[in-house]
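Engineer: Have a look at this one.
None of the figures in this text is laboratory data; all of them are computed from the coordinates on show. All values derive from a computational prediction rather than experimental measurement. Note that each Cβ is placed from the backbone with ideal geometry, even for glycine, and that neighbours are counted across all protein chains shown.
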Amino acid sequence: MKNPILNSFEELESCYDQLMSWCDVLQAIADFLPCHIDESLCGRISRGLIPLLLTTHQLEERSISSVLGLIMEVEELADAREHRYVGRLFDHDAAQHIVFTLENSERGALPALLGSRRISAAFVLLFDAQAYQVGTGDHQAASTGNGG
């Protein structure tokens with residue numbers, strides 16, 4: 001019988017791997033704009049990004065957040081909970097921006113205001129938030145380029 005905690009961490013790791021893979025693809029797209037963008041790839045990411053992000057957040061809650069009380073004081077726990085909540089809202093907003101951008105690219109044109117810097121900024125913010133949530137660096141420092 002498989003350990004349910006270990007299984008949750010394996011699922012979470014798989015979600016992070018998929019998110020990071022899509023971040024790499026989005027970075028490549030952003031780096032080479034204007035370019036032809038594979039519509040099927042854009043469709044796969046735009047259909048899957050938000051559900052993947054929501055699944056990731058649920059797994060984080062089940063696997064990590066639910067046991068933080070074992071290592072944190074009540075005040076720290078409340079602050080951490082609020083920070084995760086705000087971070088997840090931010091993640092969702094960045095993902096929606098990416099989905100909107102990719103859906104427009106499927107229609108044959110990226111609007112000028114959603115050029116390389118906007119795509120790159122949106123997924124970098126998403127990546128920074130994911131890195132922070134798994135404890136690999138300070139989110140604020142990472143997003144400003146001052147640490148990590």
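Engineer: Does region 45-88 come out rounded, prolate or oblate by the C-alpha gyration tensor, with a ≥ b ≥ c the root eigenvalues, rounded set by a/c under 1.5 and, if not, prolate when a/b is larger than b/c and oblate if not?
Structural biologist: Oblate is the answer for region 45-88, as a/c is 1.5 or above yet b/c matches or exceeds a/b.
Engineer: Take region 33-111, drop everything but the C-alpha atoms, weight them equally and run the Debye formula without solvent; then report log10 I(q)/I(0) at 0.14, 0.18, 0.24, 0.27 Å⁻¹ to two decimals.
Structural biologist: -0.59, -0.77, -1.06, -1.21
Engineer: Choose one of Pro51, Cys15, Cys35: the residue whose Cα lies farthest towards the positive end of the charge dipole of region 3-71 (beta-carbon charges +1 Lys, Arg; -1 Asp, Glu; about the Cα centre).
Structural biologist: Pro51
Engineer: Taking K and R as +1 and D and E as -1, what net charge do the other residues with C-beta under 9 Å from the C-beta of Leu53 add up to?
Structural biologist: That works out to 0.
Engineer: Something else now. Return the sequence-ordered ³J(HN,Hα) values of region 77-89 in whole Hz as given by the Karplus equation 6.51 cos²θ - 1.76 cosθ + 1.60 applied to θ = phi - 60°, using x for Gly and Pro.
Structural biologist: My calculation for region 77-89 gives 4, 5, 5, 5, 4, 5, 5, 5, 4, 5, x, 6, 4 Hz in order.
Engineer: For region 15-26, in order, what is each residue's ³J(HN,Hα) by Karplus, 6.51 cos²θ - 1.76 cosθ + 1.60 with θ = phi - 60°, in whole Hz (x at glycine and Pro)?
Structural biologist: Karplus values, whole Hz, x for Gly and Pro: 4, 4, 4, 5, 4, 5, 4, 5, 4, 4, 5, 5.
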